[in-house]
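Enquirer: Right, I'll just put the structure down here and ask away after.
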Amino acid sequence: MSADIDIDFANRETVLRLIQHVPARQSNGRRHNSGIYVTDIPRDPVNQCAAIDYEEAEQRGYFKLDFLNMSVYQLVRDPAHYEAMLTATPPWERLWSDSTWASQLVHVGNYTDLLRVMKPDSIPRMAAFISIIRPGKAHLQTCPWAEVFASVWDGDESRGYTFKKSHAVSYAALVALHMNLTSPSVAQE
């Protein structure tokens, strides 16, 4: 089974203290940044992680979860605030008109020049934008949106790492949430 489950937490350490787990291992032998196993997997007592890397573990049927630190959630006051910020219309134009603000945003902050060129103005376009900043789809940067959408989700990884649509859409929603939480006119709602 090939599955990729990412779970975002405001502070992953809080959750990890509550569950038995084994950190995943990268192919270079070091601990994976976010991957864990909550099942019995061979352990490496020296490196305090799985004894086999996550790719071999997957081939053997082990299921890795990625517990991600997402500090954006620390800005959320309560469930009602989260719902309001998630459903509010983000100030899309601010992405290309305020590079100082845009540079602070999760996932896209290092791409302010490309944000000014591409001008993503919706969740689907932001999802595609997040995909084209990965090596496998970088050739689509600065292309018209119709050209981007013609192949951004085709699964072709021949040019390098690509993003799955489900991940990109989730991350796009997180960017929109972050935009709303850090825009005073929206965050006061």
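Enquirer: Would you look at the GNM of the chain, springs on alpha carbons closer than 10 Å, and say which of Ile132, Ile19, Ile36 moves the most?
Expert: Ile19
Enquirer: What 222 nm value per residue comes from the helices of the chain, counting each DSSP H run with n ≥ 4 as -39,500 (n - 2.57) and dividing by all residues, nearest 500 deg cm²/dmol?
Expert: After summing the helix terms and dividing by residue count, I get -10000 deg cm²/dmol.
Enquirer: Turning to a different aspect of this structure: Given the options Asn69, Asn11, Asn47, which has the most mean-square fluctuation in a GNM of the chain, springs set between C-alpha atoms less than 10 angstrom apart?
Expert: Asn47
Enquirer: Can you tell which of Ala127, Ala146, Ala57 shows the greatest fluctuation in a Gaussian network model of the chain with Cα springs below 10 Å?
Expert: Ala146
Enquirer: So, one more: Karplus couplings for the stretch 161-178 from phi (6.51 cos²θ - 1.76 cosθ + 1.60, θ = phi - 60°), rounded to Hz, Gly and Pro as x?
Expert: Result, ordered by residue: 4, 10, 9, 6, 4, 4, 5, 5, 5, 4, 5, 5, 5, 5, 4, 4, 4, 4 Hz.
Enquirer: Averaging sequence separations of C-alpha pairs under 8 Å and six or more residues apart, then dividing by the length of the stretch 1-160, give the relative contact order as a whole percent.
Expert: Relative contact order, the stretch 1-160: 17 percent.
Enquirer: Not counting the cut sites, what is the longest span of the chain without trypsin sites (Lys or Arg not before Pro) that DSSP labels loop and that have at most 16 other Cβ atoms within 10 Å?
Expert: 78-158
Enquirer: Lys/Arg Cβ at +1, Asp/Glu Cβ at -1, dipole of the chain taken about the Cα centre: which of Trp92, Asn33, Leu177 is farthest positive-ward?
Expert: It is Asn33.
Every number in this text was worked out from the coordinates using simple rules, so none of it is lab data. In this text, all values refer to a predicted model and were calculated from it rather than measured experimentally. Don't worry about glycine lacking a Cβ; one is built from the backbone with ideal geometry, like all the others, and counts go over all protein chains shown.
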